[in-house]
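Engineer: Dropping the structure in here first, questions after.
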Amino acid sequence: MARSELPHRPRDSTRSDPAATTLRRARRAYEAAHLRAAGGALAIAAALILLAIGLHRTTNTTWLFATILAVTLPVLAWRGGPWRRGALAGTLAGLPPLIVPSLVFALTSGGHCTSCDQAATLPCIIACFGAGSLVGMLVGHRATIDAAPRKYALAAIAAAAPTGLLGCGTTGLGGATGVVLGLVAGGVAGWIVAGRTAAQAS
């Protein structure tokens with residue numbers, strides 16, 4: 001009796017192709033690196049949220065901006081390139097508006113920002129706007145020398161705004177408006193100044 005032949009299975013060319021194997025490993029390493037960057041960004045967001053809870057009152061506004069930050073930072077870090085670079089710069093830029101209101105309130109009222117009133121005091125509004133303007137100007141200037149300035153600037157503002165709002169947002173609408181307007185105005189000013197400087201140099 002003739003033996004029945006097993007059905008022929010086509011060979012997987014990718015298993016024996018060194019180039020395909022190398023490409024697959026490189027892609028896995030690339031994806032793993034992006035996932036690690038996203039995980040690191042999530043850890044940074046968690047640390048910033050804990051800092052905000054320690055410095056300021058915890059309100060529904062706090063949790064709103066905390067959620068936005070916890071989503072925005074990992075996504076931008078995962079995207080990589082100018083998005084990641086801008087997010088890092090924006091996070092650093094958002095630290096002054098996060099910390100300044102607590103210092104200003106302590107110096108002007110002798111208290112702690114966890115006991116702030118719902119409405120922002122004038123010194124807090126000025127501090128939020130001033131800190132936001134300063135860091136916004138630095139970010140705007142830095143964006144002009146990046147390889148992808150628009151993506152860098154968008155990522156920086158997207159990261160700086162919720163970071164700063166963790167502090168200024170808890171002082172009420174005035175503080176939140178101050179830091180957002182400060183970041184935007186400062187970023188535009190920094191962009192213009194850097195552009196004129198580059199034009200004069202050329």
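The values are calculated or read from the model by the stated rules, or taken from the named source; none is laboratory data. These numbers were taken from a predicted model, which means no experiment stands behind them. Cβ atoms come from the backbone with ideal geometry, glycine included; neighbour counts cover every protein chain shown.
Engineer: If a residue has to be touching a residue at least 24 places away in the same chain (Cβ under 8 Å), of a type in the set (A, V, I, L, M) and surrounded by fewer than 18 Cβ atoms within 10 Å (Cβ to Cβ) to count, how many in region 43-58 make the cut?
Structural biologist: Qualifying residue count, region 43-58: 2.
Here is a yes/no grid of residues against (1) part of a helix (DSSP H, G or I); (2) at pLDDT below 85; (3) at positive phi:
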{"position": "GLU5", "(1), (2), (3)": "no, yes, no"}
{"position": "ARG27", "(1), (2), (3)": "yes, yes, no"}
{"position": "ALA37", "(1), (2), (3)": "yes, no, no"}
{"position": "ALA45", "(1), (2), (3)": "yes, no, no"}
{"position": "LEU51", "(1), (2), (3)": "yes, no, no"}
{"position": "LEU69", "(1), (2), (3)": "yes, no, no"}
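Engineer: Check GLY140, GLY111, GLY86 and return the single one that is in a helix (DSSP H, G or I) and either touching a Pro at 6+ places or on another chain (Cβ under 6 Å) or at pLDDT below 90 (or both).
Structural biologist: Working: GLY111 fails: in a helix (DSSP H, G or I); GLY86 fails: either touching a Pro at 6+ places or on another chain (Cβ under 6 Å) or at pLDDT below 90 (or both).
After ruling out the rest, the residue left standing is GLY140.
Engineer: Please pick out the residue among GLY81, GLY90 that is of a type outside the set (A, V, I, L, M, F, W, C), touching a residue at least 40 places away in the same chain (Cβ under 8 Å) and closer than 14 Å to PRO162 by Cα. Steps first, answer last, please.
Structural biologist: Numbers: GLY81 fails: closer than 14 Å to PRO162 by Cα.
Just a single option satisfies the conditions, and that option is GLY90.
Engineer: Another question about this same structure. For LEU64, only one of the following conditions fails: (1) surrounded by 13 or more Cβ atoms within 10 Å (Cβ to Cβ); (2) at pLDDT below 85; (3) within 30 Å of LEU95 (Cα to Cα); (4) of a type in the set (A, V, I, L, M). What is its number?
Structural biologist: Answer for LEU64: the failing condition is (2).
Engineer: Show the residue pairs meeting these rules: Cβ distance below 7 Å; 6+ apart or different chains; first residue within region 154-169 and within 19 Å of GLY140 (Cβ to Cβ); second residue part of a helix (DSSP H, G or I) and of a type in the set (Phe, Trp, Tyr).
Structural biologist: Sorted first by the residue in region 154-169, then by its partner, the pairs are ALA155/TRP83; PRO162/PHE65; LEU165/PHE65.
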